[in-house]
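Please read the structure below before turning to the comments.
The values are calculated or read from the model by the stated rules, or taken from the named source; none is laboratory data. This is a predicted model, so every value here is computed, not measured. Counting neighbours? That spans all protein chains shown, and the Cβs are built from the backbone with ideal geometry, glycine included.
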Amino acid sequence: MALKEGSGQKIHHFASCSKTMQQSEFVSSTTSPTWLPANSTCNFMPDPEQMLVPWVHNPSFTSIVTTHTVTFVLGIVGNGMVIAVMSYDRKEASATKLFLMSLAVADLLLLLVCAPLETLQYFVLQWEERGAVCKFSSFTEMLSPVASVLNLTAVSLERFVVIVFPMRSRSLCTMHNCRRALFAVWVMSVLITVPVLFTKDTYSLVFCNETVRVRIYYCNDADGSTALFFAIYRLLILFLIPAALMIFCYAVVIKELWISTVTMQALTNNASTSTSMSASTLDESSSNNRSLTVTTPDEPNRARTEDVRKARKQVIKMLILVILLFLICWGPRLIMELLIKHHLDVFSPAVYHIRITFYLLPFIHGCINPVIYGFMSTKFRRQLVRLCCARCRRRRRPARFVDTKLKRSETATSYMRNSSTYNSSLYSHRTTETDLANI
């Protein structure tokens, strides 16, 4: 699997994977260096059995496994928490929640499927002969990022419709239409990924010395022209088209939010000026009564308007961050894949380590998505706390039930006397909580 960078470069690629294997150790046969049938001529090397355990000779083994493992664990925990929180309170289900849950599922699939396969590609070179595993792994390896990127694009389109066309969104962004859109996203992901089944297959190479002969099966592209075409196809589907849509949608959304924020601030300033003028007039008319306190209904509205204005600025910052992270995390890998198919020299150790870093970035993006779309949201944090508290209450329920039962018999009379006062204060408290949650 480590030789999937392109045909015609299979022998010397091991020199870039391991500093202990020098290119001078490999002496190719008289045949041209292209993917050959199983009866190809032997390629001489001093110890052919090294090809069966390439991780032993790879100095980057520890760093690659460590970084991929940390990314894997953080991504699984973060996206798992997003799915748990979003599915906890089904009464508050919305189109945005469904899209974010689908995005978390896609990122979870990306980390569960692609991260282990990506790690194995650096160290496990042996494939089964028939090619079924090669095709399946290549299919799932592309399906996961396609689903993740399409869900990310769907989230941007949904926010575009809700913010730019708020009246139309009531009829467009319904739960029924949202479920249909998500179904279409996953069907499109499968259809877009199908061509990979016709571009991958297994090929064999024979390595030998005077006494040992080893045959290794590799998963690689069918031919060079197909590999280059498919790299361009991946760049368009996974990066250029989604990036253009996201930049357009979020640019319009940011413009709308900015204009409405400026308008809101201007209206707030005008209301504040008129309120201060009314207060001064009332103060002059009540000069004989110094204890008079002027309270206008504009004060709480002004405070809430300020909170909304701050929240909108936070949303603008978040949207800009979403665009930048997508471009940074997906662009380098897909562009480098295209350059590799276009015969980029990948044999130097520097390029090899850059490749490892660029190929890790999409998995890091899958870990960052829960932070951007979940933990940066005040409402999400409240729901997370509510979910944790609910589980804690379930564990403590038996002891608290007994304690409550004992206390209830002692305080029944006083509770009945103060029930009306208690209910009114409870109603007021819940109303306040609802108002705060909607800010």
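The rows are residues; the columns are (1) of a type in the set (Phe, Trp, Tyr); (2) over 27 Å from the mean Cα position of the chain (by Cα).
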residue: Ser189; (1), (2): no, no
residue: Pro195; (1), (2): no, no
residue: Phe198; (1), (2): yes, yes
residue: Asp221; (1), (2): no, yes
residue: Ala243; (1), (2): no, no
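For the range 202-228, name all the residues that are surrounded by fewer than 19 Cβ atoms within 10 Å (Cβ to Cβ) and either in contact with a Gly (Cβ under 8 Å, 6 or more places away or on another chain) or polar (S, T, N, Q) (or both).
Answer for the range 202-228, where residues must be surrounded by fewer than 19 Cβ atoms within 10 Å (Cβ to Cβ) and either in contact with a Gly (Cβ under 8 Å, 6 or more places away or on another chain) or polar (S, T, N, Q) (or both): Ser204, Asn209, Thr211, Gly224, Ser225, Thr226.
Of (1) of a type outside the set (D, E, K, R); (2) assigned to a helix (DSSP H, G or I); (3) closer than 19 Å to Ala227 by Cα, Thr202 satisfies all except one. Which?
Just one mismatch for Thr202, condition (2).
Confirm whether Leu197 is surrounded by fewer than 17 Cβ atoms within 10 Å (Cβ to Cβ), touching a residue at least 12 places away in the same chain (Cβ under 8 Å) and aliphatic (A, V, I, L, M).
It is true that Leu197 is surrounded by fewer than 17 Cβ atoms within 10 Å (Cβ to Cβ), touching a residue at least 12 places away in the same chain (Cβ under 8 Å) and aliphatic (A, V, I, L, M).
Being among the aromatic types (Phe, Trp, Tyr) and either assigned to a helix (DSSP H, G or I) or farther than 30 Å from Lys135 by Cβ (or both) is the filter here, so list the residues in the range 216-264 that pass it.
Phe229, Phe230, Tyr233, Phe239, Phe248, Tyr250, Trp258
State the number of residues belonging to the range 64-85 that are without any contact (Cβ under 8 Å) to a residue 40 or more places away in the chain and under 15 Å from the mean Cα position of the chain (by Cα).
5
For the range 123-136, which residues satisfy the criterion of being at pLDDT 70 or above and closer than 20 Å to Ile64 by Cα?
Of everything in the range 123-136, just one residue is at pLDDT 70 or above and closer than 20 Å to Ile64 by Cα, namely Phe123.
I'm trying to understand the selection: among the residues of the range 164-217, which are in contact with a Leu (Cβ under 7 Å, 6 or more places away or on another chain) and among the β-branched types (Val, Ile, Thr)?
Within the range 164-217, Val185, Val190, Thr193, Val214, Ile216 meet the criteria.
How many of the residues in the range 126-182 are more than 17 Å from Arg234 (Cα to Cα) and either acidic (Asp, Glu) or not in a loop (DSSP other than H, G, I, E, B) (or both)?
Count: 32.
Let me spell it out: the conditions are (1) surrounded by fewer than 21 Cβ atoms within 10 Å (Cβ to Cβ); (2) under 17 Å from the mean Cα position of the chain (by Cα); (3) among the hydroxyl-bearing types (Ser, Thr, Tyr), and Ser148 meets all of them except one. Which number is the exception?
Against the list (1) surrounded by fewer than 21 Cβ atoms within 10 Å (Cβ to Cβ); (2) under 17 Å from the mean Cα position of the chain (by Cα); (3) among the hydroxyl-bearing types (Ser, Thr, Tyr), Ser148 comes up short only on (1).
Could you run through the range 162-171 and say how many residues are of a type outside the set (Lys, Arg) and surrounded by fewer than 17 Cβ atoms within 10 Å (Cβ to Cβ)?
Number of matching residues: 5.
Examine the range 319-327 for a residue that is loosely packed, with under 13 Cβ neighbours inside 10 Å, closer than 30 Å to Leu228 by Cβ, at pLDDT 70 or above and within 25 Å of the chain's Cα centre (by Cα), and state whether such a residue exists.
yes
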